[in-house]
Amino acid sequence: MKILHLTKKYPNAMGGDAVYVANLEKYQRISGHQVFILTSNCKEIVTRDNVFKFGLKDRARNWDKIGFKRLISMLMLIFYFPYILKKIRPDVIHAHSVELGFIACLWVRIFKVPVVLTCHSILFPYRDCGFFRRVVDFILLKLSSYKEIITVDTESLGDFKRLNFKDCIFIPTGVDLDLFNFGEAKGKNGKIKFLFVGRLEKIKGLNLLFQSINLIAGRCRDFEVLIVGEGSEEENLRRLSKELNIESFVSFLGPVYNSQVLIDLYRSCDIFILPSLREWCPLVIFEAWASSLALIATKTGSIAKICTHLEDSYIIRPGDVNDLQQAMLDLIQNSDLRNKLAKSGRRLVEKQYNWHILNSEIGKVYTNILK
């Protein structure tokens, strides 16, 4: 089977969708399929024979917001897409964002190729996303002719069904356990290491994390927090770190494009922390569990369904500084709880959230739509 993945990001760009597509590509190739990638023209993205780029050259992080270059690139894709379809002649198109999927569906009536969409996030159910963006998100979904919509978020599956979207299915994201095949993580230099990996944006709740660090620094000093990523809030967060006098506890490592370096960072830490105000089904949770890290995460999106408080994770209320500082203190001081959460998380990933299983589930979707 020839499979064309249409995605905004692909390694070495950072992002859960980039890792998702790369893992799916790997296991589809193992299964004997021909796999092609059509992605944005970002300098972080690798050049390969099966990778095609569209649009204006840009930074990958700019694809997380609506900007001039992104809009022009989308217009360019409309005219470039039929050329790619003629060149590749795919059996299935698998889109990984609503707007890219909409463009693919503009041409499927001519080329007779079924389109599958994986929704890594949706906006229309969330009132805080802005009316215009929510309406556009909804309209693009309604006007597209998908054979199947895959959502990685159990919460959004209910939203799709409530608004009469047909042919929707929940298949979570996961990790490639071939890359995370090592023992328990250990802190270094006697300090407990927290790790955050993600975009440095307001929605990630890092200002709350910094306030929590400030609150617990007077009670406990044997810890440090590593921040991996980039985004529009980086300068504000660096400024806040100085204002709160917590610079000795926080290290900004910037974006990490090398997957092995990132895996080594996971392995060197003890606790993964995700203080987001809103999430869907974040890949970093599964990467943390695969790395045998204890997990602190907020009760939002699919996290509430995936995680079990004090069994495989420490779940807190989003936006609650007191909850966050208490979770950090409890896991700093209680090594038995840390180890329990880490071991339970690893077992859960092995059982439910690894790509050996997920590739098989997505393969069934392709088979069904091609019948």
12 Å cut-off, amide nitrogen to a point 7 angstrom out along LYS112 Cα→Cβ, residues in the stretch 23-42: none
Within the chain, helix-based [θ] at 222 nm, where runs of 4 or more DSSP H residues each add -39,500 (n - 2.57), nearest 500: -13500 deg cm²/dmol
Rounded accessible area per residue of the stretch 143-272, 1.4 Å, Å²: 47 Å²
Principal axis dimensions, largest first and in whole angstrom, of the chain by Cα: 66, 41, 40
Cα-based reach from LYS166 at 18 Å (exclusive), listing aspartates and glutamates while leaving out same-chain residues under 8 positions away: ASP137, GLU148, ASP153, GLU155
Accessible area (Å², per residue) of the stretch 21-133, counting only protein heavy atoms and a probe of 1.4 Å: 49 Å²
Solvent accessible area, Å² - ASP178, 1.4 Å probe, full protein context: 90 Å²
Of the chymotrypsin sites (Phe, Trp or Tyr not before Pro) in the stretch 216-278, those whose Cβ has at most 16 other Cβ within 10 Å and which sit in DSSP loop: TYR257
Length-normalised contact order of the chain in % [C-alpha pairs under 8 Å, at least 6 apart]: 15 percent
Hull shadow area, averaged, the stretch 265-371 [alpha-carbon convex hull, nm²]: 7.4 nm²
Carbon and sulfur %, accessible surface of the chain computed with the full protein complex present, 1.4 Å: 50 percent
The stretch 252-371: relative contact order as a whole-number percent, Cα under 8 Å and 6+ apart: 24 percent
Those lysines that a straight Cα-Cα span of less than 20 Å connects to LYS57, excepting residues fewer than 8 apart in one chain: LYS8, LYS9, LYS43, LYS65, LYS69
Extension gain (nm, one decimal) between LYS242 and ASP222, 0.36 nm per residue minus Cα-Cα: 5.3 nm
Cut-off 12 Å between beta-carbons: net charge of the residues surrounding TYR80, Lys and Arg +1, Asp and Glu -1: +3
Net length gained if the chain between SER335 and ARG347 were fully extended (0.36 nm per residue, minus Cα distance): 2.5 nm
Cα-based reach from LYS2 at 22 Å (exclusive), listing lysines while leaving out same-chain residues under 8 positions away: LYS26, LYS53, LYS86, LYS87, LYS112, LYS147, LYS364, LYS371
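The values are calculated or read from the model by the stated rules, or taken from the named source; none is laboratory data. This is a predicted model, so every value here is computed, not measured. FYI the Cβ positions are ideal-geometry reconstructions off the backbone, even for glycines, and counts take in every protein chain you see. SASA here: full protein model, heavy atoms, side chains in, ligands and nucleic acids out. Shrake-Rupley method; radii C 1.70, N 1.55, O 1.52, S 1.80 Å.
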